[in-house]
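Worksheet: one structure, shown below.
The values are calculated or read from the model by the stated rules, or taken from the named source; none is laboratory data. Given the structure is predicted, the values throughout are model-derived calculations rather than measurements. Note that we place each Cβ from the backbone using ideal geometry, even for glycine, and neighbour counts take in every protein chain shown. We work out accessible area using only protein heavy atoms, side chains counted, and drop any ligands, DNA or RNA first. Shrake-Rupley method; radii C 1.70, N 1.55, O 1.52, S 1.80 Å.
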Amino acid sequence: MLLRLAPSLRGELPRPRVTRLLSLKDPTTGALLDRGLVTWFPGPSSYTGEDSAELSLHGGSLVPALVLDACVRAGARMARPGEFTQRAYLNGKVDLVQAEGVADLVEAESEAARRAALAQTEGGLSRRVSELREGIVELEALLAYHVDFPEEDDPPVPLERIVREAGGVAERLEILQATAPGGELLRDGALTVLAGRPNSGKSSLFNALLGEARAIVTAEPGTTRDAIEARVSLGGYPFRLVDTAGIRPHEGEVERLGIEVARRYVARASLLLLCLPCDRAWGEEEATFLSAVPVGVPVVLLRTMRDRIPRGAAKAPGPPGGIGTHAVIDVSVEDGTGLREIRDTLPGLVYRGLVELGGDAPVLTRRRQRVAVTRALEEVLAFRNALSAGVAAEVAAAHLRSAETALEELVGVISGDEVMDRVFADFCIGK
Amino acid sequence: MTRSYDVIVVGGGHAGTEAAAASARLGARTLLITPDLSRVGQMSCNPAIGGVAKGVVVREVDALGGVMGRATDASRIHFRMLNRSKGPAVWSPRAQCDRGLYPRGVRRILDGIEKLDLFQEMITGVWMEGERLGGVVTRGGQRFSAGAVVVTAGTFLRGRIHVGGEAGVPAGRAGEAPSIELAEALEARGLEVARFKTGTPPRVDGRTVDFSRLEVQAGDVNDYRFSAYVDEPIPEQRVCWITWTGEGLRKVVQENLGRSALYGGAISGRGPRYCPSIEDKIVKFPNAPRHQVFLEPEGLETTELYVNGLSTSLPGDVQEAFIHTVPGLEEARITKLGYAIEYDYFPPHQLRHTLEVRSVPGLFFAGQINGTTGYEEAAGQGLVAGANAALKVQGLEGFVLGRDQAYIGVLVDDLVTKGVDEPYRLFTSRAEFRLLLRQDNAPERLGPLAERRGLLLPEQAAALKDRRRRWVEVREWFRSEVLVPETANKVLREAESAEVNRPVRAEELLRRPRVRGESLARAGGAPFAGNDELVAAVELEVKYEGYVRREEDRARRLRDQAGFLLPDDLPYADFVTLSREARDKLVRLRPGNLAQAGRIPGVSPADLQNLVLEVRRARRGVAVDATDEPSQGSPDIL
């Protein structure tokens, strides 16, 4: 097809991976469409593993459209979303996890999401999963040696060693699993609900946070008419900020409604920002919000309108002793007090595991990944516990096989006879 | 004149004898042809039968009515239950046999089977009748016609023996001619052929061994029998001896490596890693200070000893030199030199699960010709191939064992779906259901099936029924017997388990880890105390009920997948939602069902799911577009 588009090639494909300036002509009329850079990537050394070509054209809307149209008339069709990566997967160029990473990379809306997706695309997560799987295969090899070769030169492997190594594998699985809660939020952003009684400064804060963040992608009305949602990147991490202030308290009935809406959001939140003006005391409304927060979701108490009370003066009383919040920050949108502190504090609360691990560690970003790693972890722990309880090793080994399968399904590879290969590599076997 | 049979078996080794016996038991008129009838059932390598996984296969062959278990019982002169210190799930019986008594036992059993004829002659070719096999031709030009032919040629196909770095001598076994024409005739049918090697150690004269320097390895004293159906009288028992190689041997071998057929380049075929030559051991594990050597008696009436552990292809003078470095063997005289042998095999992906050659209907292969090693692996395949040859002639459904039914099923399935890249032997870790596939329950697992398919003789069927009755008796005793604390605590103390202060049922105690069924049976005065095998069977099923059930669940899922059939003519190349690697493998191997497809290395769980969609859509006559959303995830789709 490339040859039909670029007749000056005279039927000969250009040298692989070398850019050439060529005239592109209409395959039917022969009319010149554009002069552009053409690079030829023969398979399997291409992104998809199949023959492909890349054209760099002059911009605008008309030229690319004309060339695309010419391509279609020469026999091409438009790729569907994700098709290039799908083909790369089917041709064995990337595994399942890497393919997911490509999709995430394209959609990344924050620095942290981009880093995680890129690491995944580059095979970081796949490698980690493969290492963990190898750890399990290693355990199976020890058991295979234990069972299949009772009369060898080397003495039998002590069970304590197997228990110890199982513990090590479990620990590494746990570390990876711990990235899941934060990792899964990376793609959509952490649902962060601004709650508080009417006139507690939620909306001004909402606007201030959006104004602060330069990485706003969208700010659109929420799915319900009574809340506003916006995506925002704070400290490099993605958040979905929800302001429930869409309803103004003209009368008591509506006011109650507003609180109801807020409570609905609160129940799904990853983080609650509870606003309480500095000059108002903790009351029943605040307690109501707090009671709606699911267990484990961090709560930040924002003492808003700091500028309303004189510097040095005492704030109105906060929550009574025994009611815990993860942080208390004094804020004023008038003079900017506390906005930086909010930005610095929030990522650590929601993306705990990730912030601690640093940017390069592999992260689980999908439920599918978390489920597989969790299953593998549970099976390895079950194996270790069974061995410790005196269950025969060859029986307990059933757990290891399940763990291995879980990880294989995750990256989409299937094993050969690696257990035996490992045994032969490590032990001198046979009479 | 052409003599005519239902089934002809070519070869009289462990595969051939089982094939012929199974075919004849099924009522097919059967002929076994082999170049030397005096060597039927010969043990070409070490005089031992059984071992880990292999011992279970012997039990399975026996449960299916086969020969090997009985012949082993009748000839065993040393017996050990390997893995006895581990759980009963992996107990593995192994016997040293008298090299003379074993084949005599085989011959006696074959002679007792109606419809089975024996004939001595070398087969040099096969002839076709249209698309299917017509029969075989002998070296003398005699033709035998048959409805099906089972070829079990062992290491004889273009066999070549190496002692030292010379070019080697054509031979099928030491001192026997190879089979060259048959190999050529089969290759001419378009079959892919490849080459493997294996080896044996030297044997020494026991009168020249200094036994005072050796460690004695005594056998277990019991009347364990491989055969569940016939109690053969067990011969007098002997001991084995253990000694070790050391620095001296390492030096001799290293200095002469260039003269080894293996390391001098004379042999190209690939050998088994689990049966390494002494050259291999020294080269691959140079830091191991010593290697075990087992001296195994060749028989009751000979002083010859098999030097297990020193398999080699070094020249005679080097074998002599290294043998003399081994403690106890300083003065030993070699009676037979060790050697390496290279031979043809036909990569087994060319077979169906019935062991019939895909491209030549009516032709079946079993044993080393399929790239396996081991008497037991050969016997298991022989039984499957022989039974299927007979069933084919009779127009009946094939006999295929599942991976959840038997090690033989694992063996055949591995061969057919994965192929081999080194001589194949069984290990327990090849089986996904090893809690189900035990030596103790082989008769319960396979006996009823064998009876249903007509593989058992009437007396075998009667013995099976009797055994079932005893099994139920043991099971019932544990279920109903109540032990008083005094009795129970004796056993519990011994097992370091918490004591009880009230009467408790035997079964409840049996569920505890470390509490052994045989101890409970003895303490409780059970009428069957001492029958360890049935007790162990019940113990395992009670103690590990949860795990056993888990395996049964997995086995059921596998059977569901096995029920999803993949026709032979599926256009795998067009299934664009499958990875390229999966497509290539499926085109090559053409699995019969989804479960088999899933075991092919390179076919991932996601491929498997998409395969189901492709097949369903292909059935509906709808083409699948590469861009349809493929489903990715667990293969448990059925």
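Can you work out the FRET efficiency for the pair A:Arg352 and B:Asp560, with r the C-beta to C-beta distance and R0 = 56 Å, to the nearest 0.05?
Plugging the Cβ-Cβ distance into 1/(1 + (r/R0)^6) gives 0.85.
What span do the alpha-carbon atoms of the stretch A:111-221 cover on each of the three principal axes, reported in whole Å from largest to smallest?
80, 33, 19
With the crude spin-label approximation of a point 7 Å out along Cα→Cβ, what separation in nm comes out for B:Ser480 versus A:Asp307?
9.1 nm
So what is the diffusion coefficient of the stretch A:299-375 in µm² per second by Stokes-Einstein at 4 °C and 1.567 mPa s, using a Kirkwood Rh over Cα pairs?
For these conditions, the coefficient is 83 µm²/s.
For the pair A:Arg161/A:Val106, report the inter-label distance in nm, with labels modelled 7 Å from Cα in the Cβ direction.
About 4.9 nm, to one decimal.
So what does log10 I(q)/I(0) come out to for the stretch B:146-219 at q = 0.19, 0.22, 0.26 Å⁻¹, using the Debye formula with one equal point on every Cα and no solvent?
Per q value, in the given order, log10 I(q)/I(0) is -0.90, -1.07, -1.28.
Using alpha carbon centroids, what distance separates the stretch A:36-66 and the stretch B:340-372, in Å?
50 Å
Show me B:496-503, B:245-252 ranked by packing, highest mean number of other Cβ atoms within 10 Å first.
In decreasing order of mean packing, B:496-503, B:245-252 become B:245-252, B:496-503.
Run the accessible area of the protein assembly as shown with a 1.4 Å probe and give the carbon-and-sulfur part as a rounded percent.
About 50 percent, which is the carbon plus sulfur part of the accessible surface.
What are the membrane-span-like helices in chain B by this rule: whole DSSP H runs, Cα extent along the axis at least 20 Å, mean Kyte-Doolittle hydropathy at least -1.0?
The answer, listed by residue number, is B:375-393, B:605-620.
Any residues in the stretch A:114-163 that have 50 Å² or more less accessible area with all protein chains than in their chain alone, probe 1.4 Å, and which are they?
With the partner chains in place, the stretch A:114-163 has these residues losing at least 50 Å²: A:Val147, A:Asp148, A:Pro150, A:Glu151, A:Asp153.
Could you run the Debye sum over the Cα atoms of the stretch B:458-546, one equal point scatterer each and no solvent, and tell me log10 of I(q)/I(0) at q = 0.26 Å⁻¹, two decimals?
These q points yield log10 I(q)/I(0) values of -1.35.
Give me Rg over Rh for the stretch B:401-552, both radii from the alpha carbons and Rh done the Kirkwood way, two decimal places.
1.07
Output the relative contact order of chain A, whole-number percent, from Cα pairs under 8 angstrom with separation of 6+ residues.
Once normalised by length, the contact order is 16 percent.
Counting only C-alpha contacts under 8 Å and six or more residues apart, can you give the relative contact order of the stretch B:381-450 as a whole percent?
27 percent
In nanometres, what is the gap between the two model label sites at B:Asp421 and B:Asp210, each 7 Å from Cα along Cα-to-Cβ?
If labels sit at B:Asp421 and B:Asp210, their model points lie 4.6 nm apart.
Using every alpha carbon pair in the stretch A:263-315, what percent of pairs falls into each 5 Å bin from 0 up to the bin containing the largest distance?
For the stretch A:263-315, the pair-distance distribution reads 4, 19, 27, 19, 14, 10, 5, 1.
More than 23 Å apart: what percent of Cα pairs in the stretch B:126-280 qualify?
Beyond 23 Å sits 62 percent of the P(r) for the stretch B:126-280.
Quick one: grab Rg to one decimal and Dmax as a whole number for chain B, Cα atoms only, in Å.
26.0, 82
Which whole number gives the average, over all residues in A:392-404, of C-beta atoms from other chains lying within 10 Å of the residue C-beta?
5
Find the centroid of the Cα atoms in the stretch B:425-482 and in the stretch B:240-256, then give the distance between the two in whole Å.
Computed from Cα coordinates, the inter-centre distance equals 44 Å.
For a Förster distance of 22 Å, can you work out the FRET efficiency between the beta-carbons of B:Ala495 and B:Arg470, rounded to the nearest 0.05?
E(calc), rounded to 0.05, equals 0.30.
Give the share of C-alpha pairs in each 10 angstrom bin for the stretch B:563-620, from 0 to the last occupied bin, in whole percents, shortest bins first.
Distribution as computed: 26, 67, 7 percent.
Chains B and A: how much accessible area gets covered up at their contact, both sides added, probe 1.4 Å, in Å² to the nearest hundred?
Roughly 4500 Å².
Stick to Cα atoms and the Kirkwood definition of Rh, then tell me Rg/Rh for the stretch B:316-357.
That ratio equals 1.42.
Work out the P(r) tail for chain A: percent of alpha carbon pairs separated by more than 26 Å, whole number.
It works out to 68 percent of all Cα pairs.
How big is the Cα convex hull of the stretch A:2-76 in projection, averaged over all directions, in nm²?
Average of the hull's projected areas for the stretch A:2-76 equals 4.9 nm².
How much accessible area per residue does the protein assembly as shown have, counting only protein heavy atoms and a probe of 1.4 Å, in square angstrom?
On a per-residue basis, the protein assembly as shown sits at 41 Å².
Given a Förster distance of 56 Å, report the FRET efficiency between A:Glu131 and B:Glu459 from their Cβ-Cβ distance, rounded to the nearest 0.05.
0.45
What full-extension length gain, to one decimal in nm, is calculated for A:Glu152 and A:Arg367 as 0.36 nm per residue of separation minus the Cα-Cα distance?
This chain segment gains 72.9 nm when fully extended.
Determine by what factor the alpha-carbon radius of gyration of the stretch B:361-440 differs from 2.2 N^0.38 Å, reporting the quotient.
In units of the 2.2 N^0.38 Å rule of thumb, it is 1.10.
Report the normalised scattering of the protein assembly as shown as log10 I(q)/I(0) at q = 0.04, 0.06, 0.07, 0.08 Å⁻¹, calculated by the Debye formula with identical scatterers on the alpha carbons.
Those come out to -0.30, -0.63, -0.80, -0.96, one per q.
Given the C-alpha atoms of the stretch B:203-339, compute the convex hull and give its volume per residue in Å³.
Roughly 141 Å³ of hull volume per residue.
So what is the relative contact order for the stretch B:203-339, in percent, with contacts set as C-alpha pairs under 8 Å and at least six apart?
Here the relative contact order equals 40 percent.
If you average the C-alpha positions of the stretch B:498-557 and of the stretch B:89-157 separately, how far apart do those two centres end up, in angstrom?
The distance from the Cα centre of the stretch B:498-557 to that of the stretch B:89-157 comes to 43 Å.
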